[in-house]
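As structure tokens, the structure follows; a few thoughts come after it.
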Amino acid sequence: MDQPVASTRLAQEQSKHLQKSLGRFDILLLVVAAVISVEVLGQVSGFGGETFTWTLILAVTFMVPYGLIFAETGGAFTEEGGVYVWTKMAFGRVVAAITSLFTWVTQPVWVGGAMAFVAVETWSEYVGHVDAGSVGDYIFKLVFIWITVTSAIISLKHGKWLPSLGAILKVGFLTFFIIVTLIYGMQHGFNGLDLGFFSPTLAGFLGVTPLLLFSFLGFESGNSAAGEMKNPAKDVPISVARSSMIAAASYLLPVLAILLVVPLDQITGIGGLFGAVATVYTVFGPAAEVMLSISAIVFCFILVSQGAAWMIISDRMQAMAAADGSFFGGFFGRFHPKLGTPIRVNTLSGVVATLFMLAAMQLSGTSSALFGVVLSIAISTFLLSYLLAIPAAVKLRSKYPHADRPFKVPVSNTGFRILGYICFAWILIGSWVAIFPGTLDVLFGLPYDFEATWGVSQFTFEAFALGTLGCILALGLVGYARGKKVRDAVAPVSESAELVNG
């Protein structure tokens, strides 16, 4: 039997409030709702035909090893908190605190600083006009943010239906778009694409890699609510496998459809997907405008459900980190005794999302440029967390060899480490490019016009990006220091929910 990892009394007390309400299908829908990011389809398609090529390459060389690693880890270690617990078991609380903070903070930054902007832009264009910077613009974004927060506050038994419905609509929307694209192509013809159009380049690789990694990460995120799953040991590996296959198809096929019907110079981060939708919907004739409005409303609902799914998942992880003394101690580490939800962290997420929305509104530039900048910052925080999470998952294989693994990757420990090295290398490249775009291009002698690419100066970008990362690290250090009293109240071994049985 392996030695248990010490837990706090508060963490054990709060675990008693968890309500087991997630079955296998619920887990699949929750992950699909969270991970498949339809809002980045336009941004990633802006790199042209090689986007499809690099998506295919990463699906094979990154998604497969990454999925295998976390399918095994998620099925073997099923405590509430997911990545936080795994990193703590592998490297201790300090590393776990940093990992969970970067994972968690990505979501309110993304919801408030990017998704709310995409939603209001789509609504304004296809449903009802909203003036940028107006009172209505602010109200729309605030309502968007706090709907996602509210869905995370109510009990998971009821709150799960928003992301579940969103996941179903997301897959349905993309399927319908692809079908209509085929009909449009048969009637009007497609863009003339040849093999040369899909040829990968170094510039494309450096540009598209962070976006694709951001899109492919998160399939293990459901484990943050593992304590609320009915049978996580068996359901998690299956959910990871199924959701990753759905995700691969949900990126490859729509990206190809966008490239087939929208001229490359017309693809933008916000308008790329709906530019393609507007083009192919001409097959509906006079009904095209109504169909566009309906699709835009559905799209906005999908974005809300996606934000809700991430709030539900990441807030639970951060609340367990707090209950374990890694984030401001007891205040944020409490779950509501009746709802079973971490209301205080939910509220904090809403506040952070609101503040980041207000900060992003102050940046000068077009809405498309703002979307790209905030997207890059969200990518950087998310990817940085995996520079710790992936080595932690790999280390658990050798550190806890006798833990029961319902699914085990059929490779030796050395082979498992190789899978980890491959994933880590991808994440390292993606992280650097997200934080310091253009630097590798210049290093390899490629032309790179920063302001033309991002719509803001390099100084503005780096000040915003590095300033955000600095604030997050400062928050983490203060939060960890304030959790000392909670960490000192260690639960007896017999009470520890993190016991790894041999």
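Here, each number is a calculation from the coordinates, and none is a lab measurement. Since the structure is predicted, the reported quantities are computational estimates derived from the model, not experimental observations. All Cβ positions, glycine included, derive from the backbone under ideal geometry; neighbour counts span all protein chains shown.
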Under a straight-distance cross-link criterion of Cα-Cα below 18 Å, which aspartates and glutamates are reachable from LYS485, leaving out those fewer than 8 residues away in the same chain?
-> GLU13, ASP324
Under 21 Å from the Cα of LYS230 - lysines, other chains or at least 8 residues apart | LYS16, LYS20, LYS157, LYS160, LYS338, LYS408
Expressed as a whole number of Å, what is the distance separating the alpha-carbon centroids of the stretch 66-84 and the stretch 323-366?
-> 24 Å
Sorted peptide list for 238-250, 175-187, criterion being average Cβ within 10 angstrom, highest first = 238-250, 175-187
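Mean residue ellipticity at 222 nm from the helices of the chain, using -39,500 (n - 2.57) per DSSP H segment of n ≥ 4 over the full residue count, to the nearest 500 deg cm²/dmol?
Values: 22 runs with 340 residues, N = 502.
About -22500 deg cm²/dmol.
Let me have the relative contact order for the stretch 9-495, percent, based on Cα pairs under 8 Å that are six or more residues apart.
On the way: 823 pairs, mean separation 163.1, N = 487.
RCO, the stretch 9-495: 33 percent.
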Of 451-462, 284-295, ordering from highest average Cβ density within 10 Å down gives 451-462, 284-295
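Would you please calculate the Kirkwood hydrodynamic radius of the stretch 109-182 over all C-alpha pairs and express it in Å, rounded to one decimal? Each step should come with its number before you reach the end.
Values: mean 1/r = 0.0710 Å⁻¹.
Taking every pair of different Cα atoms in the stretch 109-182, averaging 1/r and inverting gives 14.1 Å.
Kyte-Doolittle mean at least 0.5 and Cα extent at least 30 Å along the axis: which DSSP H helices of the chain qualify? Before the final figure, lay out each step's value.
Values: long enough: 161-188 (39 Å, 1.42); 232-261 (44 Å, 1.36); 288-323 (52 Å, 1.38); 367-399 (48 Å, 1.40); 413-435 (32 Å, 1.40); 458-482 (35 Å, 1.20).
Correct list, ordered by number: 161-188, 232-261, 288-323, 367-399, 413-435, 458-482.
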Which peptide among 324-330, 334-340, 125-131 comes first, and what is the full order, when sorted by highest mean count of other Cβ atoms within 10 Å?
-> 324-330, 334-340, 125-131
From the Cα centre of the stretch 164-219 to that of the stretch 118-150, the distance in Å is 26 Å
